[in-house]
Amino acid sequence: MAISADSRIRPTVMKANEEYIKGNGLVLKEFNLYLNGQKGYFPVYQCEKYYKKFSEDFKRVDSMKKREPSKLKMDLMIKIDGRRYEFLMRSIMDIKNPIDKEIVVRIDGKEELVLDKNDTLTESISQSFREIYMEKTK
């Protein structure tokens, strides 16, 4: 998948190459979601929607204070722009009543941060995951 200079996502390398030939610069992007062990697939319109939203949210995540990784078993992974973010799905999906005491994000397997369940960032990420989950279970 690639995103062109006009920020539109192209579904395949061939389509991206057509844009490149027309003179539009390209930046390769990856957007993979692993949900319950299954690699997610998104139609182009969904990729564009979630890519923009997640990339904004994860820029904020990247700037927050981290801790050493714990032994918690993460159950959701998303790869975006070459970085791997893992989540405690149970907490992020139900921030009003989390089963786990913490809402944790692990980045590249090297560091973690605990999200405040009352933060707008946490609500934004969990809302995206809820939408994806509902689309996957339709």
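Table for the structure above
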item	result
Residue within region 66-73 that is more than 13 Å from the chain's Cα centre (by Cα), at pLDDT below 80 and not in a loop (DSSP other than H, G, I, E, B) present	no
Matching residues, region 99-123, being out of contact with any strand residue (DSSP E or B) (no Cβ under 7 Å at 6 or more places or on another chain), among the basic types (Lys, Arg) and at pLDDT 90 or above	Lys110
Scan of region 53-84 for residues that are of a type outside the set (Val, Ile, Thr), surrounded by 15 or more Cβ atoms within 10 Å (Cβ to Cβ) and in contact with a helix residue (DSSP H, G or I) (Cβ under 6 Å, 6 or more places away or on another chain), ordered by number	Lys53, Asp57, Asp75, Leu76
Subset tally (residues that are over 14 Å from the mean Cα position of the chain (by Cα) and in a loop (DSSP other than H, G, I, E, B)) for region 95-129	14
Within region 85-98, considering residues that are at pLDDT below 80 and touching a helix residue (DSSP H, G or I) at 6+ places or on another chain (Cβ under 9 Å), the one farthest from Ser126 (Cα to Cα)	Pro98
Identity of the residue in region 85-124, surrounded by fewer than 16 Cβ atoms within 10 Å (Cβ to Cβ) and β-branched (Val, Ile, Thr), that ends up farthest from Asp75 (Cα to Cα)	Thr120
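The values are calculated or read from the model by the stated rules, or taken from the named source; none is laboratory data. Not measured: the values here are computed from a predicted model. Please note: Cβ atoms are built from the backbone with ideal geometry, for glycine as well, and neighbour counts cover all protein chains shown.
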